Structure formats: C-alpha cells, structure tokens
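What follows is a single structure, written as structure tokens, with notes after it.
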Amino acid sequence: VQLQASGGGLVQPGGSLRLSCAASGSIFSINDMGWYRQVPGKQRELVARITSGGSTNYADSVMGRFTISRDNAKNTVYLQMNSLKLEDTAVYYCKVRAVAAVYWGQGTQVTVSS
C-alpha cells in the first residue's frame, strides 16, 4: 500500500493550496482518512479527519479555513486550505486507517511566507 501526497508548495499569507493524497495497492475497508502536520521540534498534530461516512473534525486553529473531503471511489483524501497563515507552515502528512492497518504518506511541505 502506498499513499502519494501532493499539492504542497510556497504560498503567501492569505493564499490557498489544495493537498491530495491517493492510496494505492491492496487496501480494504478504509475507515478514517486524515491530515496531520509537523514542524521541527514539535509533535505531529491532527489537522483534519474525515470518517467513511463523511463526518469531519478539525483542529481549532484551522476551523473555518480548511476543508477536508474524500473520494471513496479513488481512495483519495483532499485538504483545501484557504486564508493560509505563517503558522500553517509545516510538513503535512496524510493518514489512512483501514480495518487492519494504519498507513502514512511521505509528507508534503507547505510553506507560508511573504
């Protein structure tokens, strides 16, 4: 199973980015899909998560600015990030929780800078 994340990059404050993470391989019964982020010296933190039924939860710091969605037919999860702030700079990781295992993507760098 592989998770391929894409969409990171450099953006100015107030800008937008859309992250994608596609799961491939023999993966069955995906439950939750989510995005986490990590900056050097800090623990990885949850950004947003979406269940198989479409329920979502977000970190307080991104509420109202980020939107998570998923395409079950494509085993893909997305993170639309709007009104980006300097403090959103981090490596973003996707995570997929299936019935018998948890998978992590390789991380994609998001840098918010003027």
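The values are calculated or read from the model by the stated rules, or taken from the named source; none is laboratory data. Since the structure is predicted, the reported quantities are computational estimates derived from the model, not experimental observations. As a convention, Cβ positions derive from the backbone with ideal geometry for all residues, glycine included, and neighbour counts pool all protein chains shown. The accessibility values were calculated without ligands, DNA or RNA, using every heavy atom of the protein model including side chains. Shrake-Rupley method; radii C 1.70, N 1.55, O 1.52, S 1.80 Å.
Some values worked out for this structure:
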quantity: Accessible-area composition of the chain, carbon plus sulfur, in percent [1.4 Å probe]; calculated: 47
quantity: Length-normalised contact order for the chain - Cα pairs under 8 Å, 6+ apart - percent; calculated: 37
quantity: Candidate aspartates and glutamates - alpha carbon under 19 Å from Lys42, same-chain residues fewer than 8 apart omitted; calculated: Asp60, Glu87, Asp88
quantity: Virtual spin-label span in nm between Lys74 and Leu10, 7 Å along Cα→Cβ; calculated: 2.8
quantity: Residues of type aspartates and glutamates that Lys95 reaches as a straight line, Cα spacing below 12 Å, ignoring anything fewer than 8 places off in the same chain; calculated: Asp32, Glu45
